[in-house]
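Visitor: To start, I am sharing the structure in question, which I have written as C-alpha coordinates.
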Amino acid sequence: QVQLVESGGGLVQPGGSLRLSCAASRSILSIYTMGWYRQAPGKQRELVAAITTGGRVNYGDSVKGRFTISKDNAKNTVYLQMNSLKPEDTAVYYCNVRPAISGYWGQGTQVTVSS
(Lines give C-alpha, C1' and ligand atoms only; values in the text may rest on other atoms or scores of the structure.)
Protein backbone atom coordinates (compact mmCIF):
# COMPACT_ATOMS: atom_id res chain seq x y z
CA GLN A 1 0.00 0.00 0.00
CA VAL A 2 1.20 3.49 -0.85
CA GLN A 3 0.64 6.52 1.32
CA LEU A 4 0.76 10.01 -0.14
CA VAL A 5 1.08 12.96 2.22
CA GLU A 6 0.44 16.47 0.94
CA SER A 7 1.71 19.61 2.64
CA GLY A 8 2.40 23.28 2.00
CA GLY A 9 -1.09 24.70 1.73
CA GLY A 10 -2.31 27.80 3.48
CA LEU A 11 -3.95 31.18 3.17
CA VAL A 12 -2.45 33.50 0.57
CA GLN A 13 -3.50 36.77 -1.00
CA PRO A 14 -4.38 36.99 -4.69
CA GLY A 15 -1.20 37.19 -6.73
CA GLY A 16 0.77 35.29 -4.12
CA SER A 17 2.63 31.99 -4.33
CA LEU A 18 2.69 28.64 -2.57
CA ARG A 19 4.71 25.49 -3.02
CA LEU A 20 2.99 22.20 -2.32
CA SER A 21 4.79 18.95 -1.61
CA CYS A 22 3.61 15.35 -1.86
CA ALA A 23 5.72 12.71 -0.15
CA ALA A 24 5.21 9.08 -1.16
CA SER A 25 5.88 6.24 1.27
CA ARG A 26 7.39 4.11 -1.48
CA SER A 27 9.46 4.65 -4.62
CA ILE A 28 6.66 5.04 -7.13
CA LEU A 29 7.73 8.15 -9.03
CA SER A 30 9.80 6.09 -11.45
CA ILE A 31 6.87 3.73 -12.01
CA TYR A 32 3.80 5.97 -12.32
CA THR A 33 2.81 9.25 -13.85
CA MET A 34 2.04 11.51 -10.89
CA GLY A 35 -0.66 14.13 -10.77
CA TRP A 36 -1.84 17.02 -8.66
CA TYR A 37 -5.60 17.27 -8.36
CA ARG A 38 -7.86 19.75 -6.63
CA GLN A 39 -11.42 19.87 -5.41
CA ALA A 40 -13.20 23.11 -4.73
CA PRO A 41 -16.39 23.24 -2.62
CA GLY A 42 -19.35 21.96 -4.59
CA LYS A 43 -17.22 20.90 -7.55
CA GLN A 44 -15.78 17.67 -8.82
CA ARG A 45 -12.15 16.83 -8.33
CA GLU A 46 -10.07 17.89 -11.31
CA LEU A 47 -6.56 17.19 -12.56
CA VAL A 48 -4.36 20.28 -12.31
CA ALA A 49 -0.98 19.03 -13.47
CA ALA A 50 0.81 15.79 -14.23
CA ILE A 51 4.37 14.61 -14.67
CA THR A 52 5.39 11.39 -16.36
CA THR A 53 8.14 9.02 -15.27
CA GLY A 54 10.36 10.67 -17.87
CA GLY A 55 9.58 14.17 -16.66
CA ARG A 56 7.11 15.25 -19.34
CA VAL A 57 4.57 17.65 -17.89
CA ASN A 58 1.11 18.83 -18.77
CA TYR A 59 -1.32 21.26 -17.15
CA GLY A 60 -4.97 22.10 -17.00
CA ASP A 61 -5.90 25.14 -19.03
CA SER A 62 -6.80 27.17 -15.95
CA VAL A 63 -3.29 26.91 -14.47
CA LYS A 64 -1.03 26.97 -17.53
CA GLY A 65 1.71 29.52 -17.17
CA ARG A 66 1.13 29.89 -13.43
CA PHE A 67 1.75 26.43 -11.93
CA THR A 68 4.81 24.21 -12.30
CA ILE A 69 4.94 20.53 -11.39
CA SER A 70 8.25 18.87 -10.61
CA LYS A 71 9.56 15.85 -8.77
CA ASP A 72 12.56 14.45 -6.96
CA ASN A 73 12.70 10.69 -7.43
CA ALA A 74 15.39 10.28 -4.77
CA LYS A 75 13.11 11.92 -2.20
CA ASN A 76 9.93 10.26 -3.48
CA THR A 77 8.42 13.73 -3.58
CA VAL A 78 6.34 15.65 -6.10
CA TYR A 79 6.03 19.42 -5.96
CA LEU A 80 3.58 21.99 -7.25
CA GLN A 81 4.81 25.56 -7.44
CA MET A 82 1.83 27.87 -7.68
CA ASN A 83 2.32 31.49 -8.69
CA SER A 84 -0.08 34.32 -9.46
CA LEU A 85 -2.73 32.64 -7.39
CA LYS A 86 -6.35 33.58 -7.92
CA PRO A 87 -9.40 33.20 -5.66
CA GLU A 88 -10.68 30.49 -8.02
CA ASP A 89 -7.62 28.40 -7.14
CA THR A 90 -9.09 27.92 -3.68
CA ALA A 91 -9.50 24.18 -3.13
CA VAL A 92 -8.15 21.14 -1.36
CA TYR A 93 -5.14 19.90 -3.33
CA TYR A 94 -4.28 16.22 -3.56
CA CYS A 95 -1.65 14.17 -5.29
CA ASN A 96 -2.16 10.72 -6.73
CA VAL A 97 -0.93 8.62 -9.59
CA ARG A 98 -2.53 9.11 -12.96
CA PRO A 99 -4.98 7.63 -13.58
CA ALA A 100 -5.83 7.96 -9.91
CA ILE A 101 -6.04 4.92 -7.65
CA SER A 102 -8.81 5.29 -5.11
CA GLY A 103 -6.82 3.80 -2.25
CA TYR A 104 -4.00 6.29 -2.72
CA TRP A 105 -5.93 9.46 -1.88
CA GLY A 106 -4.48 11.28 1.10
CA GLN A 107 -5.93 14.02 3.26
CA GLY A 108 -4.96 16.76 0.88
CA THR A 109 -3.80 20.25 1.73
CA GLN A 110 -6.09 23.28 1.81
CA VAL A 111 -5.22 26.27 -0.35
CA THR A 112 -7.22 29.43 0.23
CA VAL A 113 -6.68 32.49 -1.92
CA SER A 114 -8.34 35.51 -0.40
CA SER A 115 -7.65 39.10 0.50
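Visitor: Looking at the stretch 19-40, which of its residues are touching a Ser or Thr at 6+ places or on another chain (Cβ under 8 Å) and either acidic (Asp, Glu) or surrounded by fewer than 14 Cβ atoms within 10 Å (Cβ to Cβ) (or both)?
Guide: Within the stretch 19-40, 30, 31 meet the criteria.
Visitor: Would you say residue 35 is of a type outside the set (Ser, Thr, Tyr) and assigned to a loop (DSSP other than H, G, I, E, B)?
Guide: In short, no.
Visitor: Evaluate the following for residue 56: is it modelled with pLDDT under 95, charged (D, E, K, R) and more than 24 Å from residue 10 (Cβ to Cβ)?
Guide: no
Visitor: Scan the stretch 84-95 for residues that are under 13 Å from the mean Cα position of the chain (by Cα) and open to solvent by 10 Å² or more (accessible area, probe 1.4 Å) and jot them down.
Guide: If the condition is that a residue be under 13 Å from the mean Cα position of the chain (by Cα) and open to solvent by 10 Å² or more (accessible area, probe 1.4 Å), then 90, 92, 94 are the ones that fit.
Visitor: Taking the stretch 73-83 as the search range and keeping residues that are free of Cβ contacts under 8 Å to residues at least 60 places away in the same chain and assigned to a strand (DSSP E or B), which one is least open to solvent (accessible area, probe 1.4 Å)?
Guide: Among residues in the stretch 73-83 that are free of Cβ contacts under 8 Å to residues at least 60 places away in the same chain and assigned to a strand (DSSP E or B), the one least open to solvent (accessible area, probe 1.4 Å) is 78.
Visitor: Ok, one more. Name the one entry in 70, 62 that is open to solvent by 50 Å² or more (accessible area, probe 1.4 Å) and within 25 Å of residue 90 (Cβ to Cβ).
Guide: That would be 62, the only listed residue that is open to solvent by 50 Å² or more (accessible area, probe 1.4 Å) and within 25 Å of residue 90 (Cβ to Cβ).
Visitor: Next question. Out of (1) assigned to a helix (DSSP H, G or I); (2) at pLDDT 95 or above, the odd one out for residue 103 is which?
Guide: (2) is the only condition that residue 103 fails.
The values are calculated or read from the model by the stated rules, or taken from the named source; none is laboratory data. Since we're looking at a predicted model, the values are computed, not measured. Glycine also receives a Cβ, built like all others from the backbone with ideal geometry; neighbour counts cover every protein chain displayed. All accessible areas refer to the heavy atoms of the entire protein, side chains included, with ligands and DNA or RNA removed. Shrake-Rupley method; radii C 1.70, N 1.55, O 1.52, S 1.80 Å.
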